[in-house]
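Peer 1: The structure follows.
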Amino acid sequence: MGMIYLDNNATTKTDEEVVQAMMPYLLENYGNPSSIYKIGRETRKAIEESRETVAKILNCDSSEIYFTSGGSESDNTAIKGIAYQYIKKGNHIITSKIEHPAVLETCKQLEKEGFEVSYIGVDENGIINLEELKNAIKDTTTLITIMFANNEIGTIQPIKEIGEIAKEHNIIFHTDAVQAVGNMRIDVQDLHIDSLSLSAHKFYGPKGIGALYVRKGVLFQRLIDGGHQERNKRAGTENIAGIVGLAKALELAYQNLDEHNEKIKSLKDYYINQVKEKIPYIKINGDLERRLPRK
Ligand SMILES: *Cc1c(COP(=O)(O)O)cnc(C)c1O
């Protein structure tokens, strides 16, 4: 009997169509995108087309997208990069207690370096308290970093409200959207998001490739020094096959979004009902409505 895999929050299987799109960049098109001759220009074009695809889906400009090695690097770059950049304005960061380690450990590291971090709690449904968030804001707050959807229970945070609060107080708002991208529509303008992390392997793309959106005008220090790649913000010869795979996986996810979510939701509801029937005293963690379809 084949294995039944039930942990698509940890990672997903790479889609065959995605692998097919990547293959030419592993086997044939090996040019360095920084080279000015033909084979370099070809891979440059593939990267910039992929950047356009990501930008269109998030409703931002392609010049606001940076490719990274994944969700962890995107979170580190945004949080450290923004914290360091705006240190003269203040050293206070607000986050939540339920963030992924990519955010929590980054904040802990910044605390060791002299930053002050406030960790906001969540209610019994796993949703952060907006009053607690507002009360945590100080004159020295430069960054709010709150995840879009939780990786354990799938609850979705009130992102638009957080974005509005941040904007009102002239604070930069970063969101770890690694669990949300590919599963729901995200418009960074409508939601007032200044910075956002995503990772391809959570939506049927390859591992080791992600992206970071940072709104034009929001400055951040780079973590990886070296060449001029990613407009001087992330040195290193680009993972072209990965980038092409990320864009393809994203495109496929949004092409089939409603249909896929409906199917997943009905499977999930069936599963929950069956479990409830068999085990009457079961308790489901997290808000039952404000959550990702698959959680
Ligand atoms: C998986 C995950 C990450 C880390 O992404 P990687 O690409 O594995 O580094 C960060 N945040 C959340 C919410 C995740 O689910």
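Peer 1: Leaving out same-chain residues fewer than 8 places away, which lysines sit with a Cα under 23 Å from that of Lys276?
Peer 2: The qualifying lysines are Lys263, Lys265, Lys268, Lys295.
Peer 1: Under a 5 Å amide H to amide H cut-off, with H placed in plane at 1.01 Å, what residues pair with Thr12 once short-range neighbours are removed?
Peer 2: Here the answer is Tyr204, since their amide H atoms fall under 5 Å of that of Thr12.
Peer 1: Holding the Cα-Cα limit at 19 Å, pick out from Lys13/Lys283; Lys167/Lys216; Lys80/Lys134; Lys108/Lys160; Lys89/Lys167 the pairs that are longer than that.
Peer 2: Table pairs above 19 Å Cα-Cα are Lys13/Lys283; Lys80/Lys134; Lys108/Lys160.
Peer 1: Roughly how many Å² is the accessible area per residue of the chain, as a whole number, for a 1.4 Å probe?
Peer 2: 50 Å²
Peer 1: Report the longest stretch of the chain that contains none of the GluC sites (Glu not before Pro) sitting in a DSSP loop with at most 12 other Cβ atoms within 10 Å.
Peer 2: No qualifying site falls inside 125-288, the longest such stretch.
Peer 1: Using the Cα atoms as the points, what is the convex hull volume per residue of region 209-295 in Å³?
Peer 2: Hull volume normalised by residue count: 174 Å³.
Peer 1: Okay, next question. Report, in whole Å, the centroid distance computed from the Cα atoms of region 73-113 and region 177-200.
Peer 2: Their Cα centres are 18 Å away from one another.
Peer 1: Next question, about the same structure. In whole Å, largest first, what are the principal axis extents of the Cα atoms in the chain?
Peer 2: The Cα atoms of the chain stretch 65, 58, 32 Å along their principal axes.
Peer 1: Just round it to a whole percent: the fraction of Cα-Cα distances in region 137-295 exceeding 26 Å.
Peer 2: Working: 4913 of 12561 pairs.
Of the Cα pairs, 39 percent sit more than 26 Å apart.
Peer 1: Over region 24-253, with every protein chain in place, what whole percent of the accessible area is carbon and sulfur at 1.4 Å, could you tell me? List each step's numbers first, then the result.
Peer 2: Working: 4760 of 9590 Å².
Looking at region 24-253 in its full context, I get 50 percent from C and S.
Peer 1: Further question: Over the C-alpha atoms of region 246-294, what are the Rg and the largest Cα-to-Cα span, Dmax, in Å?
Peer 2: 14.2, 44
Peer 1: For Lys97, go through the aspartates and glutamates and keep the ones whose alpha-carbon is under 16 Å away, minus same-chain ones fewer than eight residues off.
Peer 2: Asp75, Glu105, Glu111, Glu116, Asp123, Glu124, Glu131, Glu132, Glu152, Asp176
Peer 1: So, one more: For Lys38, give me every one of the aspartates and glutamates with a C-alpha distance below 18 angstrom, ignoring sequence neighbours fewer than eight places off in its own chain.
Peer 2: Glu28, Glu48, Glu49, Glu238
Peer 1: Same structure, new question: Out of the trypsin sites (Lys or Arg not before Pro) in region 50-112, which ones are loop residues according to DSSP with at most 16 other C-beta atoms within 10 Å? Working shown, then result.
Peer 2: Details: sites: Arg51, Lys56, Lys80, Lys88, Lys89, Lys97, Lys108, Lys112; in loops: Lys88, Lys89, Lys97.
Loop-located and lightly packed - Lys88, Lys89, Lys97.
Peer 1: I would also like to ask the following. Report, for the chain, the % of DSSP beta bridges that are antiparallel, rounded to 5.
Peer 2: Bridges in the chain that DSSP calls antiparallel: roughly 45 percent.
Peer 1: Can you find, among Val214, Gly242, Ile165, the residue sitting farthest towards the positive end of the charge dipole of the chain, where Lys and Arg contribute +1 and Asp and Glu -1 at Cβ?
Peer 2: About the Cα centre, the residue reaching furthest to the positive side is Gly242.
Peer 1: Considering every pair of different Cα atoms, what Kirkwood radius, in Å, is found for region 70-116?
Peer 2: Taking the inverse mean of 1/r over all distinct Cα pairs, region 70-116 comes out at 10.8 Å.
Peer 1: Also, I was wondering about something else. Given the alpha-carbon gyration tensor of region 67-214, what are the semi-axes of its equivalent ellipsoid in whole angstrom, ordered largest first, with each equal to the square root of 5 times an eigenvalue?
Peer 2: Ellipsoid half-lengths, sorted descending, are 22, 18, 14 Å.
The values are calculated or read from the model by the stated rules, or taken from the named source; none is laboratory data. Predicted model only: the values in this text are computed from it and were never measured. Cβ coordinates were reconstructed from backbone atoms using ideal geometry, including for glycine residues, and neighbour counts include every protein chain displayed. SASA here: full protein model, heavy atoms, side chains in, ligands and nucleic acids out. Shrake-Rupley method; radii C 1.70, N 1.55, O 1.52, S 1.80 Å.
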